[in-house]
1. In the range 176-189, is there at least one residue being within 30 Å of His219 (Cα to Cα) and loosely packed, with under 10 Cβ neighbours inside 10 Å?
2. If only one of Val148, Val126 is within 39 Å of the chain's Cα centre (by Cα), on the phi < 0 side of the Ramachandran plot, part of a loop (DSSP other than H, G, I, E, B) and hydrophobic (A, V, I, L, M, F, W, C), which one is it?
3. Note down all Cβ pairs under 8 Å where the first residue falls in the range 202-230 and is assigned to a loop (DSSP other than H, G, I, E, B), the second is surrounded by 14 or more Cβ atoms within 10 Å (Cβ to Cβ), and they're at least six residues apart or on different chains.
4. Scan (1) modelled with pLDDT of 60 or more; (2) exposed (fewer than 11 other Cβ atoms within 10 Å of the Cβ); (3) not hydroxyl-bearing (Ser, Thr, Tyr) for the single condition Gly58 breaks and write down its number.
5. Consider Lys164 against the criteria (1) among the basic types (Lys, Arg); (2) assigned to a helix (DSSP H, G or I); (3) surrounded by fewer than 10 Cβ atoms within 10 Å (Cβ to Cβ): it satisfies all of them except one. Which criterion is unmet?
6. For the range 191-206, indicate whether the set of residues that are at pLDDT below 85 and among the charged types (D, E, K, R) is non-empty.
7. Count, please, the residues in the range 95-116 that happen to be assigned to a loop (DSSP other than H, G, I, E, B) and at pLDDT 85 or above.
Amino acid sequence: MVNGQREPCTSECGLGKRRLYAQCLQLCIGNQTRHFDNLTDGTIGRRQAFRWVAAEQGPAWIIIEFPQRTEIDRIVFRRGNSIPVNYKLEYRTSRDASWILLSDTTGRLPREDDIRKAEELRLAEVSVAEAQKISKNSALIRAARSAVGRLASGPRVFAASFDKKPDSTWQLSRGDPMQRMQQIEPGIPRVMGDLKLDMAHPEIERRTALAKHLTEPDHPLTARVIVNRV
């Protein structure tokens, strides 16, 4: 298998918690996430499953041996960069038997994030011109997805719309919203100053006055809060 410009890697083989033996050409001794035993440890969740990762870029292979003949009805690769861009699946009936090709990537379109050049693609019954077109279209798809992601995530701004007449604010008995006492004007605790607002001021002016008050250079509360966060 080959994984483009990254080290070959793959997740759980999805064969359940059977007693299987795994071996590989190479592995990266970085931590437990890279050992080939992870191929058959029975974990498939994204958070708890560890992948096998080869030590370097280029071709690599893995072998899964069964203790007895077993029927496999499907082989499923997880989506994402754990799918090799180029692979062959082969089987044999015994260690002395020859390998028989089961499936490979020559009959599959390259995944969208495959950044190999057109001349590096190996596709059955596809001409050089067609391979170049496939490679170009894949690049266009990647660019479009990147643009969509950029537009969906930003630029952003905190904004809101308000009614011309803001809701009334009430003094509550023991803080119970069901026990209103008297209606009060917009403002702040008197010890902090006076915003000079009344009930006629719209919501925008109230928020603007509060923002200006909190960002005054000599405001003691804002400076104290910032110091606590630094």
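1. Let us first name the residues in the range 176-189 that are within 30 Å of His219 (Cα to Cα), namely 182-189.
From what is left, the residues that are loosely packed, with under 10 Cβ neighbours inside 10 Å are 182, 189.
Yes - at least one qualifying residue is present in the range 176-189.
2. Values: Val148 fails: part of a loop (DSSP other than H, G, I, E, B).
Every option except Val126 fails the conditions.
3. Listed pairs, sorted by first residue: Pro202/Pro166; Thr215/Thr222; Glu216/Thr222; His219/His213.
4. The one condition Gly58 does not meet is (2).
5. Answer for Lys164: the failing condition is (2).
6. No, the conditions are met nowhere in the range 191-206.
7. Restricting attention to the range 95-116, the residues satisfying the condition of being assigned to a loop (DSSP other than H, G, I, E, B) are 95-99, 108-116.
Adding the requirement that they be at pLDDT 85 or above leaves 96-99.
Number of matching residues: 4.
Here is a yes/no grid of residues against (1) outside the structural domain of Gln68 (by TED's automatic domain parsing); (2) loosely packed, with under 10 Cβ neighbours inside 10 Å; (3) within 30 Å of Asp73 (Cβ to Cβ); (4) not basic (Lys, Arg):
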site: Leu89; (1), (2), (3), (4): no, no, yes, yes
site: Arg92; (1), (2), (3), (4): no, no, yes, no
site: Arg95; (1), (2), (3), (4): no, yes, yes, no
site: Ser103; (1), (2), (3), (4): no, no, yes, yes
site: Leu123; (1), (2), (3), (4): yes, no, yes, yes
site: Ser127; (1), (2), (3), (4): yes, yes, no, yes
site: Glu130; (1), (2), (3), (4): yes, no, no, yes
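The values are calculated or read from the model by the stated rules, or taken from the named source; none is laboratory data. Everything numeric here is computed off the predicted structure, so don't read it as measured data. Cβ coordinates were reconstructed from backbone atoms using ideal geometry, including for glycine residues, and neighbour counts include every protein chain displayed.
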